[in-house]
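The values are calculated or read from the model by the stated rules, or taken from the named source; none is laboratory data. Remember, it's a predicted structure, so these values are computed and weren't measured experimentally. Glycine also receives a Cβ, built like all others from the backbone with ideal geometry; neighbour counts cover every protein chain displayed.
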Amino acid sequence: MKNWRSILVNENTTLLETMKIIDDSSMQFAAVVDETLNLLGTVTDGDIRRGILRGEGLDVPIKQVMNSSPVSACINNTYSDCLNLLKKHKLKQLPIIDMDNRIIDIIFADEDPATKDNGNTVILMAGGLGTRLRPLTENIPKPMLNVGNKPILETIIEGFKQYGFTNFILSVNYKKEVIQDYFQDGSAFGVSISYIEEDKRMGTAGALSLLKEKPSSPIFVMNGDLLTQVNFEQLLQFHEETEAAATMCVREYEYQIPYGVIETEGQQLVSIKEKPMHRSFVNAGIYVLSPEVFDYIPQDEFYDMPDLFKKLMDEQNNVSAFPVREYWLDIGRMADFEQANSDYKEEVK
């Protein structure tokens, strides 16, 4: 039985404080109440990330981010009724309230074995040449370079495994035998691994056309040269909450213009902003795709993931952005590789 009282917050608790409560809790959820435990709203990791996308600061009260009309069950509902509500609304948590709207319990979907399913497939793109990391990649593919005391790819697999995802497909090409000899069928690592082999460059989306079967549930796709501490269970929940055909993880990127930026109206100079800082969201190389997306992937030709997302948007599909607020590093250059080893050196000790 989970201690649901530990995830109660008041409406003036900051977004940052609530985020810490959610991250520290295995329940991935918070309920917003007043001093009499009257239910005011609920907050999931997805609600927080949507607030971040809107530009909300970490010091805003959680009432600005919470769902103020949450689905709940009444004390008179049976347990079966509650499970049906969880399934109907695709929820992971369901507050139970009394006749005065006071929270008396929270039911969690993962407490019912019939509702827990982490069988989603993870496809890792591990076929790149890694030319910018030569000479390190002359005899070994980039995903097999050691960061800390193990290959990058092993760290990625362990990251998914800790959230219950154990079914992997590795897309390989360059020096593929190094990867296949190391991981084999994955049993030594407590997971299941199969392979798709690219005979030519297919792109991050084109390689998916080589799958033997169209998936029946959402899949993860991730570049094999990324290190991140993303909560993949939260990512999947966000994808399902938003009812997205495809979800792209995005990362906030800052850059400074090294000049004074001029604004004009006609010939009139109206302002000068000295070396302004700009912030944008950029592609983080991690995706969740629902099965219907595979109808948009061409067979046996190069097709990158941004091309797929553009096609989905052109066809008016629901496409979501998931802001990554956890550790994330793309190991594309020698400086990135050195940074990764510095970040992970404590794990070697």
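List of remarks:
- Flag if Asn318 is out of contact with any strand residue (DSSP E or B) (no Cβ under 7 Å at 6 or more places or on another chain), closer than 24 Å to Gly55 by Cβ and modelled with pLDDT of 85 or more: yes
- Taken over the range 312-324, the residue count meeting the criterion of being assigned to a loop (DSSP other than H, G, I, E, B) and either buried (at least 16 other Cβ atoms within 10 Å of the Cβ) or in contact with a His (Cβ under 6 Å, 6 or more places away or on another chain) (or both) is 2.
- Against the conditions (1) surrounded by 17 or more Cβ atoms within 10 Å (Cβ to Cβ); (2) more than 19 Å from Val230 (Cβ to Cβ); (3) modelled with pLDDT of 90 or more, Ile97 satisfies every one except (3).
- Residue ID - farthest from Glu315 (Cα to Cα), chosen from residues in the range 235-274 that are in contact with a Ser or Thr (Cβ under 8 Å, 6 or more places away or on another chain) and polar (S, T, N, Q): Gln237
- Cβ pairs under 7 Å, 6+ apart, first in the range 99-119 and under 23 Å from Phe232 (Cα atoms), second of a type in the set (Ser, Thr, Tyr) and modelled with pLDDT under 75: Ala109/Thr115
- Among the residues making up the range 31-59, those that are more than 26 Å from Thr247 (Cα to Cα) and of a type in the set (Val, Ile, Thr) are Val32, Val33, Thr36.
- Of all the residues in the range 276-319, those that are touching a Ser or Thr at 6+ places or on another chain (Cβ under 6 Å) and over 24 Å from Phe168 (Cα atoms) number 0.
- Residue among Val191, Val230 that alone is assigned by TED's automatic domain parsing to the domain that holds Ala126 and either touching a His at 6+ places or on another chain (Cβ under 6 Å) or surrounded by 19 or more Cβ atoms within 10 Å (Cβ to Cβ) (or both): Val230
- Here Leu129 clears all of (1) part of a loop (DSSP other than H, G, I, E, B); (2) in contact with a Leu (Cβ under 8 Å, 6 or more places away or on another chain) except the condition numbered (2).
- Whichever residue in the range 138-156 is outside any strand (DSSP E or B) and buried (at least 20 other Cβ atoms within 10 Å of the Cβ) and, among such residues, is farthest from the chain's Cα centre (by Cα): Pro141
- Residue satisfying all of: in the range 52-70; part of a helix (DSSP H, G or I) and in contact with a Gly (Cβ under 9 Å, 6 or more places away or on another chain); surrounded by the fewest Cβ atoms within 10 Å (Cβ to Cβ) among these: Gln64
- Residues considered: Phe302, Phe337. Of these, the only one that is assigned to a loop (DSSP other than H, G, I, E, B) and hydrophobic (A, V, I, L, M, F, W, C) is Phe302.
- Among residues of the range 157-179, those that are assigned to a helix (DSSP H, G or I) and within 20 Å of Leu133 (Cβ to Cβ), counted: 4
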